[in-house]
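Each reported figure results from applying straightforward, stated rules to the coordinates on display, with no laboratory input. Here the structure is a predicted model, which is why all the values come from computation and not from measurement. Neighbour counts run over all protein chains shown; Cβ positions are idealised from the backbone, glycine included.
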Amino acid sequence: MKSLTAVQSFRPWPRTLGSRLFLLFLAGLTIAYGLAFAVLFMERYMTAKMVMFNNFEQDIATSVAILDRLPADERAGWLDQLDRGTSRYMLGTGLAGVPISTDAGREIAGKINEAVGKRFPLTIESIPGDRKRLQGHVTLSDGMPLTIDVNPAVMPLAEWLPYVLVTQLVLLILCSWLAVRQAIRPLVNLANAADALDPNKNAPRLSETGPSEVAYAAAAFNAMRDRIAHYLQERVQILAAISHDLQTPITRMKLRAEFAEESVEKEKLVQDLAEIERLVHEGIAYARSAHGNTEKPSRIDVGSFMESLVYDYQDTGKAATLSGSIEAAIVTRPHALRRILTNLVDNALKFGGSAEVNLERDIHGAVIIKVLDRGPGIPEDELEAVFQPFYRLEQSRNRGTGGTGLGLSIAQQLTLAIDGILNLKNRPGGGLAAEIYLPQPIHTKE
């Protein structure tokens, strides 16, 4: 089982599109270049071989003719001058040989036979232990034996050829990489733009230049982004209009209820109207939270801002406390930040009876605001789900504990709008910790 898992985890084929295209381009170009080089090399090899054999045949014929015409006592002095490296001449019968058994040997023997065999008696044999080495035994006109010793060598390659091959391989790799990079760059830009898509932010539009297909895709993406922004704005306008239109009948109904006779039914009616009014306000607040970045950023003193928020709760008799202090200013959207903290503190007071607000900075200097309580907390598997609109842990939806299920959703939306991060964690010993992380740089007060 482990070996199967190991085989499945091994992925020789790369996962990224760029790597796959690069390997395909490089493999195709390398194979094509290799085939072209092989054909050219074989053609040059055959040509060089033919020229070499012709020269070899003429050299053998000329050398044997010279030695035959020289006086016997002068022949030994000419042997070194006739030595060509691959062929040399020895006076005498040479070594005892065996019949030739290789095609290359028979081809060389044929050339020697054409050069010498028509004029002088000739016997060609292969030397035992080295089948590439041949010896041709010739009898000159005066009866003196002459041995032609042939030791063929591989055709040498030019010294510059390996450098050329390496240079061409490097050029293939470089050209393949540049071609793939140019091909996938628009796709990477499109993926980055889609990942960072936020119609509420004034992010630069995707460039609509380049090849026609790329320009068309960029234009379609920009049009989609504009439509999404329009739909979001239209949603807010519709909800705002509904909220405005509902205010009048709700107000009339509340006035009529006030003039009704005191009874249990009247009390229930007033509570229902208050619930409807609260739902309308929370719904429009959630819709507008998606556009929390429409508020103009301003610079605030973090410590003073948090003290003001907590003191407002204390003035109304709520059990809210503040710990920690930061002597710094931060650029943010204060109304959005206040709404986030208000929702979190209200939740802490509602479910825990008290709220502890902690202000601190991390090692990078960013601001961390914590809202702590000692309530029942949230089940671990629902810590992310509570950010969904209208999601409530209390499913009974009674007025005392249910709420609308929009408080944390609004806080999450507004936190994203101010480029922050909101996390929920259960505290050791019971309770919940809501942490707001603001990573933007802060300005220390002078």
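Data overview
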| quantity | calculated |
| --- | --- |
| Cut-off under 5 Å, modelled amide H: who pairs with residue 328 long-range | 302, 303, 445 |
| Burial ranking of peptide ranges 265-276, 179-190 (average Cβ count within 10 Å, highest at the top) | 179-190, 265-276 |
| Three principal axis lengths of the stretch 346-397 [C-alpha, angstrom, descending] | 43, 23, 18 |
| Derived scalar couplings ³J(HN,Hα) [the stretch 223-235; Karplus, 6.51 cos²θ - 1.76 cosθ + 1.60; whole Hz; x for Gly, Pro] | 5, 4, 4, 5, 5, 4, 4, 5, 5, 5, 5, 5, 4 |
| 3J(HN,Hα) from dihedral phi, the stretch 313-321, Karplus parametrisation 6.51/-1.76/1.60, rounded to Hz, x for glycine, proline | 5, 5, 5, 8, x, 8, 7, 10, 10 |
| Amide hydrogen neighbours beyond the local backbone of residue 354, cut-off 5 Å, H modeled | 374 |
| Label assignment, Rg/Rh (Cα atoms, Kirkwood Rh) derived from the structure, set (i) 1.45; (ii) 1.15; (iii) 0.96 | (i) |
| Dipole of the chain [Lys/Arg +1, Asp/Glu -1 at C-beta], most positive-end residue of 378, 340, 211 | 211 |
| Residues residue 421 and residue 170, FRET efficiency given R0 of 56 Å [Cβ-Cβ distance, rounded to 0.05] | 0.75 |
| Amide H within-cut-off set for residue 322, under 5 Å, with H built and near neighbours excluded | 357 |
| Simple label model, 7 Å out from Cα along Cβ direction - residue 107 to residue 237, nm | 8.6 |
| Loop-located trypsin sites (Lys or Arg not before Pro) in the stretch 8-72 whose Cβ has at most 15 other Cβ within 10 Å (DSSP) | 15 |
| Rounded to whole Hz, the Karplus (6.51, -1.76, 1.60) HN-Hα couplings of the stretch 111-117, x for glycine and proline | 5, 5, 5, 5, 7, 10, x |
